[in-house]
2 protein chains.
Amino acid sequence: MTFLTPDPRQTALAQTLAATVPFVAPEAMESARGAPFDARLGANELSFGSSPAAVAAMQAELGAIWKYGIPDNAPLIDALSAHYAVDSACFTLGEGIDGLLGNLVRLYVASGDAVVTSAGSYPTFNYHVAGFGGVLHTVPYKDDFEDPEALIAKAREVGAKLVYLSNPNNPMGSVHTAQTVQDMIEAVPDGCLLVLDEAYTEFAAADTRPPLDPSDKRVIRFRTFSKAYGMAGARVAYGISHPSITRSFDKVRNHFGVNRVALAGAVAALGDADYLMQTVQRIAAGRAQLVQIAQDNGLTPLPSATNFITMDCGSGGDYARALLAALAKRGVFVRMPAIVPLDRCIRVSVGLPHEIDVFAERLPLALGDIA
Amino acid sequence: MTFLTPDPRQTALAQTLAATVPFVAPEAMESARGAPFDARLGANELSFGSSPAAVAAMQAELGAIWKYGIPDNAPLIDALSAHYAVDSACFTLGEGIDGLLGNLVRLYVASGDAVVTSAGSYPTFNYHVAGFGGVLHTVPYKDDFEDPEALIAKAREVGAKLVYLSNPNNPMGSVHTAQTVQDMIEAVPDGCLLVLDEAYTEFAAADTRPPLDPSDKRVIRFRTFSKAYGMAGARVAYGISHPSITRSFDKVRNHFGVNRVALAGAVAALGDADYLMQTVQRIAAGRAQLVQIAQDNGLTPLPSATNFITMDCGSGGDYARALLAALAKRGVFVRMPAIVPLDRCIRVSVGLPHEIDVFAERLPLALGDIA
């Protein structure tokens, strides 16, 4: 990895980019520490696993893995269309929200174009903005919430092509009401598109979701099968917007990019409403446990509308980073925000009951390690 | 799909692109005709299916689909490194060769940059070149072979960033010797990179593959689990080149883009050398049958180093297109080259024995339909 010399044949832009990985995988950390983690609570995965119906559908489709996938992804697009009662032309599918964000930025952002997000929000969006030569402008969080008014003001000030909001928010777990988000949509400046990342929306109350209105060209919304549907490894997510936006993805996307088995699984997962409801209840119960554990140990849990609890460790980033390292040493994988002042926190996913027990046991030990 | 109006917020390049699908899926054709095909012989898939070891590995990994994939794809990269005895830094993984080609073009081709390929060769490469604003220059096939000397001469003439060769070739099935390809590598002009697409190489004789030499920065080679390994729906392929090239993909790729289950399947498929050998033998036998069927019906089968037989129908493109349509009407899905003079041919994949029987039965009927 050390002998990466720039290739003078590459584009001027490509030569300026760093070869970065947005996230280090827990598998790589396990390999580095020479032992598996006892609790995998860092990637906001659904440790309960996906719906048995989804697993069964994928199992059934494995025998057809020799066939190419379906470039228009019709089985899932049609299912989504029925699920939301929204025209199928208003959906586009991709290899996770990460993949969709890459294609979105490619469509909207040319070299030097301005983009706005919150300092400390989802880093893979920033990775794609940099990757297409966009210029990122950030505004601070306000009391651990993304700040729609400041985001819009900045977008207006810099003439942004895209402004990003995640609702509920990762990494803080905070959520705005539907009305606040709708007000933000109404305020999007001409020439700008609101990127509304709703990866965690199924964990949140219904009144945090403005109604879907695909006649509105000011916003594209992204949802995923990686979080509440428990299929992070499958790589299936979707965008919902006006067809003049969703269909333009067909200009640039990898048309056969979605795994055939994953597509079948997502259709089944979408159809299993009972399992989703159970999931949401289980996550709520797990959140309550994590809140208690945080309080028992003198940390301040932030309110969460997601499948994780962000815990304010009450001191600066160095302290939280030390706690993170101490937890990892004791077999607990968690992550934390990267940016001041968010980095006073650690972010703990709701895992399996025994993993929460492990966290309850190791957290005081890790706190002792760094005292 | 009809109400796609350009979005003025998008990049100048994006606004010029057409929302195209490189290939219409057989599933979409079946849905349009209201009945499934009796023989699926159009997409060069491995109808025998993938190795039972690969299917078992995928089945075992399904329970972990809730976990994100592994961004450095280490399990497969390490297996490839051992398989080829080539340093792991010389590999990069992607969502099919289609995905890798997209990222390759993104890294090398800025708006207006020249790219060279053969007229009638792989359309998805051309799709990506257009998608990044590259200017495509083509040279004709020579006696149904891609013409390395003409490709290099054109690359030199236009100052190409990339020159593409598939060996064996799709859609004609022809293959050059290792020496011819090595001579082409030696002749790549300064400032240009040879894109050597070896999607079908496992079906070809060993003396069509120049030795892997990852110290050579003039070429990147692409191979896939979609063809001989029978995992087209999984979306796993790899590039092999000098690390300064392969590692630069880390600047732009979707790091979590490869499906976790697919990765496990590919590792197992790579390890099942016996199944690959059986596959190659089965395909050779199927090719011989298709050759006989073509000859029995007055078509001229071209020599093939792939899992398909391209059949010269002895007349122009209109005739071959009519035959294609007649075959589809009679329940046989095949494809054909799009460009004169290649479009005098149809391209028939080796399918299952009963599908070859269907083809043998329906081909004379379809020929009768258009006589």
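The values are calculated or read from the model by the stated rules, or taken from the named source; none is laboratory data. Keep in mind that this is a model prediction, so the values were computed, not measured. A quick note on method: Cβ atoms are made from the backbone with ideal geometry, for glycine too, and the neighbour counts reach across all protein chains shown.
Go through (1) outside any helix (DSSP H, G or I); (2) under 25 Å from B:P353 (Cβ atoms); (3) of a type outside the set (A, V, I, L, M) one by one and return the number of the condition B:R287 breaks.
(1)
Search segment A:14-34 for residues that are surrounded by 14 or more Cβ atoms within 10 Å (Cβ to Cβ) and pair each with any residue that is among the β-branched types (V, I, T) when their beta-carbon atoms are under 6 Å apart and the residues are at least 6 apart or on different chains.
Within 6 Å, the pairs are A:P22/A:T124; A:A25/B:I70; A:E27/B:I70.
Please give the number of the condition A:R33 fails out of (1) over 25 Å from A:N259 (Cβ atoms); (2) facing chain B (nearest Cβ under 7 Å).
For A:R33, the exception is condition (2).
List the number of the failed condition for B:A79; all other conditions in (1) touching a strand residue (DSSP E or B) at 6+ places or on another chain (Cβ under 8 Å); (2) more than 7 Å from chain A (Cβ to nearest Cβ) hold.
Among (1) touching a strand residue (DSSP E or B) at 6+ places or on another chain (Cβ under 8 Å); (2) more than 7 Å from chain A (Cβ to nearest Cβ), B:A79 violates only (1).
In segment A:138-157, which residues are assigned to a helix (DSSP H, G or I) and surrounded by fewer than 17 Cβ atoms within 10 Å (Cβ to Cβ)?
Hits for segment A:138-157 are A:E149, A:A150, A:A153, A:E157.
Under the condition of being touching a strand residue (DSSP E or B) at 6+ places or on another chain (Cβ under 8 Å) and at the interface with another protein chain (Cβ under 7 Å from one of its Cβ atoms), which residue from segment A:36-50 is farthest from A:T306 (Cα to Cα)?
Residue satisfying both the conditions and the ranking: A:S47.
Assuming B:V252 fulfils every condition listed in (1) out of contact with any Phe, Trp or Tyr (no Cβ under 8 Å at 6 or more places or on another chain); (2) more than 7 Å from every other protein chain (Cβ to nearest Cβ); (3) in contact (Cβ under 8 Å) with a residue 12 or more places away in the chain apart from one, which condition is it?
(2)
Which numbered condition trips up A:D38, out of (1) surrounded by fewer than 24 Cβ atoms within 10 Å (Cβ to Cβ); (2) of a type in the set (D, E); (3) under 17 Å from A:G230 (Cβ atoms)?
(3)
Mind listing just one residue for me: the one in segment B:1-13 that is surrounded by fewer than 15 Cβ atoms within 10 Å (Cβ to Cβ) and at pLDDT 90 or above and, of those, nearest to the chain's Cα centre (by Cα)?
In this case the residue turns out to be B:A12.
Within segment A:63-72, does at least one residue satisfy the condition of being touching a residue at least 40 places away in the same chain (Cβ under 8 Å), surrounded by fewer than 21 Cβ atoms within 10 Å (Cβ to Cβ) and closer than 17 Å to B:A264 by Cβ?
Looking through segment A:63-72, none of the residues is touching a residue at least 40 places away in the same chain (Cβ under 8 Å), surrounded by fewer than 21 Cβ atoms within 10 Å (Cβ to Cβ) and closer than 17 Å to B:A264 by Cβ.
Find the residue count for segment B:112-131, including only residues that are touching a helix residue (DSSP H, G or I) at 6+ places or on another chain (Cβ under 6 Å), within 11 Å of another protein chain (Cβ to nearest Cβ) and in contact (Cβ under 8 Å) with a residue 60 or more places away in the chain.
The total comes to 1.
When segment A:262-313 is examined, which residues are found to be small (G, A, S) and farther than 24 Å from A:V340 by Cβ?
Passing the criteria: A:A262, A:A264, A:G265, A:A266, A:A268, A:A269, A:G271, A:A273, A:A284, A:A285, A:G286, A:A288.
Among (1) within 22 Å of the chain's Cα centre (by Cα); (2) among the β-branched types (V, I, T); (3) farther than 22 Å from B:L13 by Cα, which single condition is B:V115 missing?
Going through the list (1) within 22 Å of the chain's Cα centre (by Cα); (2) among the β-branched types (V, I, T); (3) farther than 22 Å from B:L13 by Cα, B:V115 breaks only (3).
Among B:A18, B:A53, B:A89, which is outside any loop (DSSP other than H, G, I, E, B) and facing another protein chain (nearest Cβ under 10 Å)?
B:A89
Look at B:V219 and say whether it is within 19 Å of the chain's Cα centre (by Cα) and farther than 20 Å from B:V109 by Cα.
Considered against the rule, which asks whether it is within 19 Å of the chain's Cα centre (by Cα) and farther than 20 Å from B:V109 by Cα, B:V219 comes out as no.
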